[in-house]
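Notes follow the structure.
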């Protein structure tokens, strides 16, 4: 059975819940005018899968969802617990009625100018789609010569569960972001030895990350999206916060950075100049790619590898909006993108489609 609806929101992380909140405020009824589909087993978006040692106090910037502050959180509790509970309370407070677990398999051209959203729970026929699928499902691991010969363990950040399992091991951490430094600082007291490897020299940021710096960082990512290039993360252009723990890591040598190795061997990693590091584990803290494979039938990608956006709207299809993508892939950016997408969706549907209640609101 195909269910007709005005708007399908795919994903119930920060961006998806922000979009759902603004749809409700605009007069769209959950389950009647719009539906939120989420593949996760419960509330919390990607936060529910974070490693237990990432406590709320260590989170690199977390902005509250629109309309409901996150207050009184214990900084010593795992962020997965704190934020999952907050998202759960948020969904219930605003009656967002998220449908889960649902896997969205493909979005295609449908009948009568609608979008056909094919899922594990059936088919929805929508007039507009707000895609908020984030990146957690697409961890990125670069290819390196000799990678298949390495006899040790390789894992990505998504598989990291805490430092205890690396006790007595020699660990290489690859990546220049906040996750890499957090892993290294946690691992160092347990591991026999660690090495930090990045493609580019890390940039440490002193002082608060104010609104002006945030706008400048978002503008850099936004320009890539406007050109149809694959987006970089906002965090990648903000620099690493220079807090007390990072200062101690720099002082102790734990955060002494090495350039990217040229090859992997059965025993570890090596560089063209003859250096090598014997390793039991390579931990790839190398980021993620946007999870947009289900949109492939719509042919939205540009030759540069990305989906070109005008605001939040896909330049190739005004019915499709991407939030939490590129410049809005941060908690504060996701909030703003959710609001902007709903404003554009109202305009699209109000031009001859959409809920009469919403068009008149």
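With contacts defined as alpha carbon pairs under 8 Å and 6 or more residues apart, what's the relative contact order of the chain in percent?
23 percent
Sort 161-172, 136-147 by the packing proxy (mean of other Cβ within 10 Å over each peptide's residues), most packed first.
Averaged packing, sorted descending, gives the order 161-172, 136-147.
How far, in nm, would the chain grow between residue 263 and residue 92 when pulled straight, counting 0.36 nm per residue and subtracting the alpha carbon separation?
56.5 nm
With an 8 Å cut-off on Cα pairs and a minimum separation of 6 or more residues, tell me the relative contact order of segment 118-209 in percent.
23 percent
Let me have the relative contact order for segment 48-110, percent, based on Cα pairs under 8 Å that are six or more residues apart.
In percent, rounded to a whole number, it is 35.
Would you mind pulling out the separation of the Cα centroids of segment 287-319 and segment 27-90, in Å?
If we compute the Cα centre of each part, the gap is 25 Å.
For the chain, what is the per residue volume of the convex hull drawn over the alpha-carbon atoms, in cubic angstrom?
146 Å³
What ranking, highest mean first, results for peptides 321-331, 278-288 when packing means the other Cβ atoms within 10 Å averaged over each residue?
Descending packing order for the listed peptides: 321-331, 278-288.
Compute the acute angle (0 to 90°) between the alpha-carbon long axis of helix 211-226 and the principal axis of greatest extent of the alpha-carbon atoms of the chain; round to the nearest 10°.
For helix 211-226, the angle is close to 70 degrees.
Against the longest alpha carbon principal axis of the chain, how many degrees, from 0 to 90 and to the nearest 10, is the axis of helix 178-187 turned?
40 degrees
Is it possible to state the helix-based mean residue ellipticity at 222 nm for the chain, with each DSSP H run of 4+ residues giving -39500 (n - 2.57), the sum divided by total residues, to the nearest 500 deg cm²/dmol? What is it?
-7500 deg cm²/dmol
Sort the following peptides by mean Cβ neighbour count (other Cβ atoms within 10 Å, averaged over residues), highest first: 253-264, 303-314.
Result, highest mean Cβ count within 10 Å first: 303-314, 253-264.
Relative to the longest principal axis of the chain, what angle (0 to 90°, nearest 10) does the C-alpha long axis of helix 79-93 take?
It is inclined by approximately 10 degrees.
Taken together, the values in this text are just the output of simple stated rules run on the coordinates, not laboratory data. Owing to the predicted nature of the structure, the values given are computational and were not obtained by experimental measurement. Cβ sites come from the backbone with ideal geometry, for glycine too, and all protein chains shown count toward neighbours.
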